[in-house]
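Remarks on the structure that follows.
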Amino acid sequence: QTNKPLVEKRRRARINDCLGELKTLVLQAMKQDSAQISRLEKADILEMTVKYLHHVQRQQSNTAMVNNPQSAAKYRAGFTECASEVMRYMTNIQGINPNISNKLTGHLAGCLSMVNSATAPQMAIHTAQTPSP
């Protein structure tokens with residue numbers, strides 16, 4: 001039992017060391033000056049890391065789409081299928097405001113038109129500009 005506080009102290013020190021290193025890595029990757037950001041909470045560091053990793057994932061996906069026409073075709077097919085299913089659902093659901101349904105289906109139709117007419121590099125640019133939730 002006398003070791004328990006010491007073990008916990010070491011565990012917390014490891015966590016804090018890793019968070020400090022993670023903060024430095026993420027700020028460098030995001031090209032932000034760590035001197036300008038004085039104090040970040042642990043949750044802030046983790047949120048920044050998640051956002052950065054999502055950004056990297058989108059970049060990798062976009063690169064694959066540009067370099068591999070099959071990726072673009074798969075993206076196009078998946079987007080088309082998903083949008084079609086949402087539009088089908090919206091037309092069959094009862095009790096939804098018709099204005100909302102019309103706006104959503106109109107928006108999806110416009111997106112479908114853009115996706116189906118876009119080249120792979122254009123789709124990569126579009127998906128890179130799409131905000132993450």
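General remarks:
- Screening the candidates Arg88, Arg58 for the property of being basic (Lys, Arg), modelled with pLDDT of 85 or more, in the same structural domain as Leu25 (by the TED database) and assigned to a helix (DSSP H, G or I) yields one hit, Arg58.
- Test: residue in the range 113-129 that is of a type in the set (A, V, I, L, M), over 30 Å from Leu27 (Cα atoms) and modelled with pLDDT of 85 or more: no
- Residues of the range 35-71 satisfying the condition of being in contact with a Pro (Cβ under 9 Å, 6 or more places away or on another chain) and free of Cβ contacts under 8 Å to residues at least 60 places away in the same chain: Val66
- If only residues of the range 28-55 that are hydroxyl-bearing (Ser, Thr, Tyr) and part of a helix (DSSP H, G or I) are counted, the one that is surrounded by the most Cβ atoms within 10 Å (Cβ to Cβ) is Thr49.
- Of note, Gln28 does not satisfy the criterion of being touching a residue at least 40 places away in the same chain (Cβ under 8 Å) and out of contact with any Phe, Trp or Tyr (no Cβ under 7 Å at 6 or more places or on another chain).
The values are calculated or read from the model by the stated rules, or taken from the named source; none is laboratory data. A quick note: this is a predicted structure, and the numbers were derived from the prediction, not measured. FYI the Cβ positions are ideal-geometry reconstructions off the backbone, even for glycines, and counts take in every protein chain you see.
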